[in-house]
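The next block holds one structure in the form of structure tokens; read it before the comments.
The values are calculated or read from the model by the stated rules, or taken from the named source; none is laboratory data. Everything quoted here is computed from the prediction, not taken from an experiment. Reconstructed Cβ throughout: ideal geometry from the backbone, glycine too, with neighbour counts over all protein chains shown.
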């Protein structure tokens, strides 16, 4: 049978009022434009779809709209974008007990006891952040001490550095740890004075014995954790994030939120390896889902470890560990296979590379594969911490994006000097050199490894100094970037790194109305003021998703 | 800041033309109404959302709409709903070589050779349906014969009954099968005359040695398979299906289709076990997604096997295998645990039960759990083939749904007599008894185990006879159902069984416009005519998704 058009579609001929347009008025608006230039404005208009339709500058007439929002004279910035984080890690972190602020064993035990009482339904009590040095204890705590706080359920708590865990008796029983348990290679089960009874402390590889016994999160716990992650990130002014290492479980939690209308964070997702990539997205990246809130962009892979544990892969041995150069976690052939597999499906690879050997290898592998797989692929290297200066120019080739975390520079600087010595730091955290050579930056936090606070990141990016202002004048200060470059790194350039330019990252007509209202203009304030920024409100797609108390 | 309403929303005050309404005119419309009564009509109106707004009966005025469809006098029925199928199985079946129509080894080899040539990109050639008895071969075929057709890639082909597989040399090499390979328990690696060299035939448990070597489908193959499944099912007039045993890979393929707008089949999904249920849906069933096209309803579990392989769990030993009663695949405690876990999340369990012991156990377990988990839960038992007449009344308790496949009755009837003897068949495929006792039926096909053709199912449901009209008068004919009951089983009652009533399954205002145009009225035609029904068009949500050539 045939379709006949009986009447012309009339809808477009009828003048409809823009019935849900919103004018956000009385703000000190700051954004970067398409050329990276600063643009200031006093108001903007949001349409029914949550997109910006107009920026209003000083002296311009305001249009008539149906709703009016008074910005109360606050600074309006584009929503902050974290180019490298771990969303579910943030969420589960928010759900577990944080002992990092405790100053004595007694204080910690009180906090553990109270947390267990507040969380009666949880079958295990999990936490992190204890530090017996800070407590002035002079020894590790014991299972018996932990039992005195919680004896009805297993408890397992990670040390502040993640290199040791503290279990109570029920947790050890669940893990089948007894007097006859042997320490595994690379780890140690601490013993009591009798030399046999496990003390409750598990160091390095021995932690895995306990972790294997911790039950996987229940599905409602994942949803709760994701809701917490959104809350935490929005409270820091973050409206979008690149999630590094998305598993199918993570993805399903994101989708459940999207399906039930509670997804408020924009997530550019990089799968935890190529199998998860194909399971989640199929043969090609997902479309943008839920009004540009979720997309599986590509795949995260690990080329080496980290400097702290001397797992970063270096060209020469560690200065403080002669003979050790670290190791590639992904052998050359496997790296190239994964890059090809990703490229064949138009997935975007994001290669973790910290040491100079790892960065050289990532650059070489990408250069080789890019010969066959051209076009706008936005190959990403994550961290890019230590690069041989001779390799730096390669970062500008093939459109490679250096996805870096400013705060890592201040957290790592003295350790990096110990690990490498001054002579090998010419390409360390080399933000400005990368830009000067024509490369592209995107800035993030690596949350929950660091705080997700982008204002701390902005302050570091323009100073190379930590929160205490040290070192005075900045560490290797020629690698500072300008305020505008720093803001771009946490907004427009982070969007570009995730193929999201034009969708969000700038406050321009046609983009999603993702913005924050803060008390500080990061282009004008002191670094201290930038660090102290208060986020009053966070908006995503024209909807308020966070408001400070 | 505060929101102020500047103007009342005006949209509702403006009279809009119903600009995309469609009048489907000139049909012989048949549906069941909310009370199960037959309703006939001549036209219907579909709105912009693909929902029915009006049924027009003889003599009623037609409304003015913008589009007109001429049904050319055909019979319009609600879209058929298959209450038990395996969607991806249908799709992968459509992508693999079907040898069931070959009448000689030579014909089969020609067909295999041609298929391999047409499918150059496939790394393995997979197929099914060969039968050396039908070929008059008097022996199994060999790997060498298969090599003569395809020697450049592994080939592995399942026998028509699935109890043997035929491999070529490259497939055996991929599976590491050599002269020293031993037959596993419960299976046999066939040997050549030398008694050592594997012949290429793998029987029963030995099939697993080959299946383990067959590569998992690539992601684009899954998408292709799902597209094929939709095509096949729509061509039979099926607009919705309960997918039994959905894995995360299946679900992702469904979602990809939903995300890119190519999902045209409505899927009520039952996960492949409780872990997949939680991985896919989280703590509770998914919402209806994509305009009522996809929902994770619950979980499929297996309580026993099948009659053919004597895996069905019986109260007394098999008549043709004394001492064997079959076995429960899920022990009592595990069954109850899974039912409780599902009920706690408001998931709907669908318990496969074929033998009378399995059905008794399913009924008992559901009755026990239903004491604590009341409300409208629609516990499902799948197949319900052999029930002790003493247990039949329990099917009407707790709202249990008997999800049955009419064609299984004619496929199995003589085998069932052999397996059980006449005296134990009083509750066999007892559709009418279940209805008379106040139970609820839903009808399906178990495709790809049987053809998905619902018209074959309708014909069997009202006759208890197979396509050859045998046995004359029907097998245990008191268990026939009426034409209206049969139609309900494949439409409204199958929707109810998946919590979809009011969304689809009837042609009534407010429901999705899922309908088919056919040449035969199943309430008036002979069983032979019903079986020969031609589906001319299939529509889902007011969109044509299939049209016969």
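Observations, loosely collected:
- Screening the range B:381-464 for helices (runs of 4 or more DSSP H) wholly inside it with 3 or more residues that are under 20 Å from residue B:495 (Cβ atoms) and at pLDDT 95 or above returns the ranges B:431-436, B:454-463.
- Out of B:32, B:23, B:44, sole residue that is facing chain A (nearest Cβ under 10 Å), surrounded by 12 or more Cβ atoms within 10 Å (Cβ to Cβ) and modelled with pLDDT of 95 or more: B:23
- Scan of the range B:111-127 for residues that are over 17 Å from residue B:162 (Cα atoms) and either free of Cβ contacts under 8 Å to residues at least 24 places away in the same chain or touching a helix residue (DSSP H, G or I) at 6+ places or on another chain (Cβ under 6 Å) (or both), ordered by number: B:111, B:112, B:113, B:114, B:115, B:117, B:118, B:119, B:120, B:121
- Counting residues in the range A:474-495 that are over 24 Å from residue A:362 (Cα atoms) and under 15 Å from the mean Cα position of the chain (by Cα) gives one or more.
- The set of residues in the range A:362-378 that are out of contact with any strand residue (DSSP E or B) (no Cβ under 6 Å at 6 or more places or on another chain) and either in a helix (DSSP H, G or I) or closer than 17 Å to residue A:442 by Cα (or both) comprises A:363, A:364, A:365, A:366, A:367, A:368, A:369, A:370, A:371, A:372, A:376, A:377.
- Within the range A:272-286, considering residues that are more than 10 Å from chain B (Cβ to nearest Cβ) and not in a helix (DSSP H, G or I), the one nearest to the chain's Cα centre (by Cα): A:272
- Yes/no for residue A:337 being surrounded by fewer than 21 Cβ atoms within 10 Å (Cβ to Cβ), within 13 Å of chain B (Cβ to nearest Cβ) and modelled with pLDDT of 95 or more: no
- Of all residues in the range B:538-549, those satisfying the criterion of being within 14 Å of chain A (Cβ to nearest Cβ), touching a strand residue (DSSP E or B) at 6+ places or on another chain (Cβ under 6 Å) and either buried (at least 22 other Cβ atoms within 10 Å of the Cβ) or in contact (Cβ under 8 Å) with a residue 40 or more places away in the chain (or both) are B:538, B:539, B:542, B:546, B:548.
- Single match in B:209, B:265 (criterion: under 27 Å from the mean Cα position of the chain (by Cα) and surrounded by 18 or more Cβ atoms within 10 Å (Cβ to Cβ)): B:265
- Tally of residues being farther than 17 Å from residue A:293 by Cβ, in a strand (DSSP E or B) and more than 14 Å from chain B (Cβ to nearest Cβ) across the range A:503-534: 0
- Condition check for residue B:62: within 14 Å of chain A (Cβ to nearest Cβ) and modelled with pLDDT under 95: yes
- Filter result for residue A:478 (assigned to a loop (DSSP other than H, G, I, E, B), touching a helix residue (DSSP H, G or I) at 6+ places or on another chain (Cβ under 9 Å), farther than 17 Å from residue A:36 by Cβ and touching a residue at least 12 places away in the same chain (Cβ under 8 Å)): no
- Qualifying residue in the range A:244-262 (condition: buried (at least 24 other Cβ atoms within 10 Å of the Cβ), over 26 Å from residue B:284 (Cβ atoms), under 19 Å from the mean Cα position of the chain (by Cα) and more than 9 Å from chain B (Cβ to nearest Cβ)): yes
- Just one residue in the set A:68, A:77 is within 31 Å of the chain's Cα centre (by Cα), surrounded by 17 or more Cβ atoms within 10 Å (Cβ to Cβ) and not in a helix (DSSP H, G or I); that residue is A:77.
- Every residue from the range A:304-343 that is assigned to a loop (DSSP other than H, G, I, E, B) and out of contact with any helix residue (DSSP H, G or I) (no Cβ under 8 Å at 6 or more places or on another chain): A:305, A:306, A:309, A:311, A:317, A:322, A:323, A:324, A:327, A:329, A:331
- Check on residue B:301, without any contact (Cβ under 8 Å) to a residue 24 or more places away in the chain, more than 10 Å from chain A (Cβ to nearest Cβ) and either assigned to a loop (DSSP other than H, G, I, E, B) or closer than 27 Å to residue B:391 by Cβ (or both): no
- Filter pass, residue A:163 being buried (at least 21 other Cβ atoms within 10 Å of the Cβ) and either touching a helix residue (DSSP H, G or I) at 6+ places or on another chain (Cβ under 9 Å) or closer than 30 Å to residue A:300 by Cα (or both): no
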